[in-house]
Every structure is written in structure tokens, then in C-alpha cells.
Amino acid sequence: MDKIIDGKAIAENIRGEIAVAVEGLKSRGVTPGLAVVLVGEDPASQVYVSMKKKACAAAGIFSDEHKLPAETTEAQLLALIDELNRDERIDGILVQLPLPKQINESKVLEAISPKKDVDGFHPYNVGRLVTGNPLFRPCTPYGVMKMIEHTGLDLTGKEVVVVGRSNIVGKPVALMCLSQHATVTICHSRTKDLAAQVAKADVLIAAVGQPEMIKGRWIKPGAVVIDVGVNRVGEKKLVGDVEFDAALERAGAITPVPGGVGPMTIAMLLYNTLESARRRAG
Ligand code: NDP
């Protein structure tokens, strides 16, 4: 197996399989639909939303885009979500984060029907993940699991070290590894000796958001390294949370940045939308 885990290729493969499944659903009269809601003009969010729209089109998924002005009130956004919750053409609702400061993010995420919560952020879906019976898995962690699966590694009894404890990456990915019988350690900004924790990892998952803060020399020889971090350095360069060149020397398999976890996130969003439409189709 190639040492570099090609997220772009794995994601393309998954997207191809989704497109075939969507065709099948359409022949039964069900077109999967994803509503994407963007509030304000954050440039990064605009890029993400347009990527999601293109990915939907390529997979044959109906995408319903709602671009709202930055001064949108919480009540207006909640009214739109209520409408989308009741819209039978819509299987998934995604509200692009971050939201402008006059809007309470948790209130909005909790207003999305758990049955259309393709991002998996609703407390109902978080609870189902914690109890080992997930309905929707959050897209980035789900993509990480698909990449680990691609290496052929069985997580049973393996030491997994997750660096980062956010609700969108660190915590859910740790739970997913736990459900596959790994022994999981979660590290964060107060962890005392990060190097020692990282050194014991058979699988390292980095989701910190600090350029190359995890040093290659910390990596256990042969470890699988999944780098979720996306950090801009200078004008154009993107790097991960792991010192890639040095880590490549020691790792058994490693994801690049860009071209690693990033493309998997959108693939899993489409997958969750397809799954939701399949449930609608019975
Ligand atoms: P957050 O900022 O929400 O969380 C970062 C985590 O890293 C926190 O738990 C924090 O600890 C921990 N941390 C910060 N500094 C250190 C340190 N010195 N040592 C150990 N832990 C530390 O980030 P996200 O989880 O949202 O994202 C993480 C990275 O992943 C970012 O680069 C982001 O851009 C990227 N990302 C990529 C995605 C993709 O599709 N590829 C999708 C989502 C995110 P504490 O809790 O103590 O503050």
C-alpha cells in the first residue's frame, strides 16, 4: 500500500458510488435533496458552500441553496429551518458555521430536525453516537474513519490518540474509534506531556488547528497518522497539524494536507444525505 493516504482518490470513489445509488433511488421516484444555508459573507464559508453545491450536482443530488444577509435575525433563520424541516424534497439541512454573532448557534442547530441533521451536530444525534447507535455521524470524523478503514487496519485493541477535543472533530472521532474497540486517549491544550502521549499511538488523529505542532520525531514507527488540521501559512500554502516530511519518515501511513481529510468531509455529507433519502424511500 502507498504510504500516503490519498483522500482525494478515496473521496472520488465514494462519490462515484453515491452517484450510482442516487440514480437507483431516482428510478424509484425519490431524489435526495440537501438544503444549504449560508448567513453572511464570510469568504471561506462561501467557498465551502459552493463546493458543496457542485458536489451535489455531480452526484445527482438536488441542492437547495439559501443565502441570507449578515443582518438576518435569529427568528428569520429559525423560520427558514422550520420551513425546510417540513419540506418533503429536503433530506438534509446544513447550516454553514460560523453564524453572525446575533444568532445563537446551539439554538439553530437544535431547531434542525434530527432526521435531517446530516452534519450530526444535533444533541439527539450526539446522544445516539455516545450510546453506540448513531443515526447521522458528523462528516469530518466519519471521513477519518473511512480513511482508517482504507488502510486495512483493525482498530480492536489499538492505541488511538486524538489531539483536540472539539465537538465537531475530536470528541466524535474518539467515540467512533471507541465503538471499534480501540483504547482511546484524548489530548487537549492542558495535556501535560503531549509528545509522550503521541509516542504511544498506533493511530494518531490530529485536530488542533496549529501548523505542524506535532513533531515527526514523536510518531511511533509504523503508526497511522490522520491529520485533520488545515492551517494557512503565508499567502497560499496550507499545512496540517503534523510536521509532514518528518512524520512521513516514521509513519506506516499518513494523510497529506491538502488532499487528505478535506475531500472526505464533503463525500460523507453526500453519503449522509443519501442515507436520509433512503430512509424516506423506505
Ligand atoms: P477547535 O479550535 O475547536 O479545537 C482545537 C482543539 O485543539 C481544542 O480541543 C484545543 O484544546 C486543542 N489544542 C489547542 N492547542 C493545543 C495544544 N498546544 N496541544 C494540544 N491540544 C491543543 O478546532 P476544530 O476541532 O474545529 O478543528 C481542528 C482543525 O481541523 C483546524 O485546523 C480546522 O481547520 C480543521 N478542520 C478540518 C476539517 C476538514 O474538513 N478537513 C473540518 C473541521 C476542522 P482545548 O479544548 O483545551 O482548547
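Here the relative contact order of the chain, from alpha carbon pairs under 8 Å that lie six or more residues apart, stands at 22 percent. Mind checking the angle between helix 74-86 and the chain's longest principal axis? C-alpha axes, 0 to 90 degrees, to the nearest 10. Orientation of helix 74-86: about 80 degrees from the principal axis.
Using the Cα coordinates of the chain, the gyration tensor eigenvalues translate into equivalent-ellipsoid semi-axes of 32, 21, 18 Å, sorted from longest to shortest. Taking the protein heavy atoms of segment 139-262 in the context of the full set of protein chains, the accessible area attributed to carbon and sulfur is 50 percent at 1.4 Å. Solvent-accessible area of segment 25-101 (1.4 angstrom probe, protein heavy atoms only): carbon and sulfur portion equals 54 percent. The angle between the Cα long axis of helix 261-281 and the longest principal axis of the Cα atoms of the chain comes to about 40 degrees, rounded to the nearest 10.
Net charge dipole, the chain: roughly 380 debye, given to the nearest 20, about the Cα centre with Cβ charges of +1 for Lys and Arg and -1 for Asp and Glu.
Charging the Cβ of each Asp and Glu at -1 and of each Lys and Arg at +1, and nothing else, the dipole of segment 139-262 about its Cα centre rounds to 300 debye. Inter-label distance, R28 to R232: 4.3 nm, where each label sits 7 Å from its Cα along the C-beta direction.
For segment 139-262, the solvent-accessible area with a 1.4 angstrom probe is 46 square angstrom per residue. Of the residues S276, S189, S106, ranked by 1.4 Å probe accessible area with the largest first, the sequence reads S189, S106, S276.
Both numbers refer to the Cα atoms of segment 139-262; Rg and Dmax are 13.0, 42 Å. A straight chain from Q46 to E74 at 0.36 nm per residue would run longer than the Cα-Cα distance by 8.1 nm. Relative contact order of segment 1-158: 21 percent, from C-alpha pairs under 8 Å at least 6 residues apart in sequence. Enclosing the Cα atoms of segment 1-139 in their convex hull gives a volume equal to 139 cubic angstrom per residue.
Between the listed residues Q102, A55, G92, the Cα displaced farthest toward the positive end of the dipole of segment 29-116, a dipole computed from Cβ unit charges relative to the Cα centre, is found at A55. Among E212, E23, E83, the largest mean-square fluctuation in a Gaussian network model of the chain (Cα springs under 10 Å) belongs to E83. Each Lys and Arg Cβ is given +1 and each Asp and Glu Cβ -1; about its Cα centre, segment 29-116 then shows a dipole of about 280 debye. Of all DSSP beta bridges confined to the chain, the antiparallel ones make up roughly 10%. Averaged per residue, segment 29-116 has 50 square angstrom of accessible surface, using a 1.4 angstrom probe with ligands and nucleic acids left out. Report the Cα centroid-to-centroid distance between segment 46-81 and segment 201-255 in angstrom, as an integer. Comparing the Cα centres of segment 46-81 and segment 201-255, I get a distance of 32 Å. Label positions at A246 and E65, each projected 7 Å from the Cα along the C-beta direction, are separated by 4.2 nm.
The values are calculated or read from the model by the stated rules, or taken from the named source; none is laboratory data. Just so it is clear, the model here is predicted, and its values are computed rather than measured. Please note: Cβ atoms are built from the backbone with ideal geometry, for glycine as well, and neighbour counts cover all protein chains shown. All accessible areas refer to the heavy atoms of the entire protein, side chains included, with ligands and DNA or RNA removed. Shrake-Rupley method; radii C 1.70, N 1.55, O 1.52, S 1.80 Å.
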